[in-house]
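Presented below is the structure to which this report refers.
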Amino acid sequence: QVQLVESGGGLVQAGGSLRLSCAASGSIFSINTMDWYRQAPGQQRELVAVIGRGGTTNYADSVKGRFTISRDNAKNTVYLQMNSLKPEDTAVYYCSIMTTLRRYWGQGTQVTVSS
């Protein structure tokens with residue numbers, strides 16, 4: 001069984017920063033991509049950032065230049081550094097990993113940006 005445990009969410013003022021972490025544990029054979037998604041109230045879940053096993057990254061246009069995704073393969077952990085936060089970044093943030101067998105999801109962590 002695989003578990004993803006997220007941490008680092010919270011309340012921050014516009015222009016501030018937060019760092020999310022997500023540690024994967026359990027019977028993990030091989031992690032390919034590690035991703036962050038977010039879902040705001042009344043909206044669909046959207047992909048925020050992706051990082052491949054070799055470190056290749058991709059970002060949603062709305063967060064480019066402000067968010068940075070990174071990973072520690074030895075610790076099966078993915079991070080999301082979020083700078084210059086805006087009220088529209090308010091959402092539940094979910095980490096997800098894609099293994100050779102299937103995709104797994106974390107439980108989500110709330111990020112609230114006040115104006």
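Can you find, among Ile51, Gln107, Ala14, the residue sitting farthest towards the positive end of the charge dipole of the chain, where Lys and Arg contribute +1 and Asp and Glu -1 at Cβ? Toward the positive end, the furthest listed residue is Ile51.
Across the protein chains, with a 1.4 Å probe defining accessible surface, the residues Ile51, Ile28 rank Ile28, Ile51 from largest area downward.
Over segment 47-115, calculate the relative contact order: mean separation of alpha carbon pairs under 8 Å at least 6 apart, over the residue count, as a percent. Can you show the working numbers first?
Details: 88 pairs, mean separation 14.9, N = 69.
Averaging sequence separation for qualifying contacts and normalising by length gives 22 percent for segment 47-115.
Simple point charges give the picture: +1 on the Cβ of Lys and Arg, -1 on the Cβ of Asp and Glu, and for the chain a dipole about the Cα centre of about 200 debye.
Annotation note: trypsin sites (Lys or Arg not before Pro) in segment 21-115 located in DSSP loop regions with a Cβ neighbour count of at most 11 within 10 Å are Lys64, Lys75, Arg102.
Principal semi-axes of the equivalent ellipsoid, √(5λ) from the alpha carbon gyration tensor of the chain, are 24, 14, 12 Å from largest down.
Site pair Leu101 and Gln39 shows an inter-label distance of 2.4 nm when each label is modelled 7 Å from Cα along Cα→Cβ.
Counting only other residues whose beta carbon sits under 15 Å from that of Tyr94, what net charge do I get with K and R as +1, D and E as -1? Intermediate results must be reported in sequence, preceding the final value.
On the way: positive: Arg38, Arg45, Arg103; negative: Glu6, Asp35, Glu46, Asp89.
Result for the local shell: -1.
For segment 18-70, applying the loop criterion from DSSP together with a ceiling of 14 other beta carbons within 10 Å to the chymotrypsin sites (Phe, Trp or Tyr not before Pro) yields Phe29.
Based on C-alpha pairs under 8 angstrom that are at least 6 apart in sequence, the chain has a relative contact order of 36 percent. With K and R counted +1 and D and E -1, the other residues having a Cβ less than 11 Å from that of Arg71 yield a net charge of 0. The figure for Asp61 is an accessible area of roughly 120 square angstrom, using a 1.4 Å probe on the protein chains alone. Carbon-plus-sulfur accessible fraction, the chain (probe radius 1.4 Å, protein heavy atoms only): 46%.
The residues of the chain have, on average, 53 Å² of accessible surface per residue, using a 1.4 Å probe with all protein chains present.
The values are calculated or read from the model by the stated rules, or taken from the named source; none is laboratory data. Fair warning: this is a prediction, and the values are worked out from it, not measured in the lab. Every residue, glycine among them, receives a Cβ derived from its backbone with ideal geometry; neighbour counts consider all protein chains shown. The area values use the complete protein model at the heavy-atom level, side chains included, leaving out ligands, DNA and RNA. Shrake-Rupley method; radii C 1.70, N 1.55, O 1.52, S 1.80 Å.
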